[in-house]
Amino acid sequence: MTEMQIDEDALFEQLRQLPDFECLPLPARWFKKYNLKPVSQPTTQEFIESGYTVRRSVEMKDLPPIFINEPQQNGKLAKVHPPEDIKVEVVSRPFTGTINGVLPSLIDETKKE
C-alpha cells in the first residue's frame, strides 16, 4: 500500500468515529470504496411531515443564550440616504356620471363635444 492509501484509510476511520459522520461531505469514491450507503435527499413533503425543524427548535442546547446589554460598535447607525424629491400633482374633477358606459376619467380630454 502507498502512503496516501494508509493516510486515507486512517482519515476515514477517524471521521467514522464522529457522531455526525453521516452528515459530513465525503469524496464520491469513498461511497464505493468503503461500501457506504449513498445519501438520499427527502422530498419537500417528507421534510415537512418529519417535523425536523420543530424538533430542533425546542430541543435542549448546550450553549447558553446570548445577551447583548450594550450598544454594539459604540451605537453606530447606518447612514440613511435622503428621500428623493418627487413632484406630485393631484388633478380632480367633479364626477358627472358615465358617458356611454365609460367613466369621464377614461375619456380623452382633448376631444371636445
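Residue by residue, here is whether (1) at pLDDT 90 or above; (2) surrounded by 10 or more Cβ atoms within 10 Å (Cβ to Cβ) holds:
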site	(1), (2)
Gln45	yes, no
Ile48	yes, yes
Ile68	no, no
Val88	yes, no
Pro94	no, no
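Summed over segment 30-41, the residues that are at pLDDT below 90 and not polar (S, T, N, Q) give a count of 3. Take the conditions (1) at pLDDT 90 or above; (2) under 34 Å from the mean Cα position of the chain (by Cα); (3) aliphatic (A, V, I, L, M); Leu24 misses just one of them, which is (1).
One residue stands out among those in segment 25-43 that are of a type in the set (A, V, I, L, M, F, W, C) and surrounded by 10 or more Cβ atoms within 10 Å (Cβ to Cβ): the one that is farthest from Asp9 (Cα to Cα), which is Val39.
The values are calculated or read from the model by the stated rules, or taken from the named source; none is laboratory data. Note that this is a predicted model, so its numbers are computed, not measured. In this analysis, Cβ positions are derived from the backbone assuming ideal geometry, glycine residues included, and neighbour counts consider all displayed protein chains.
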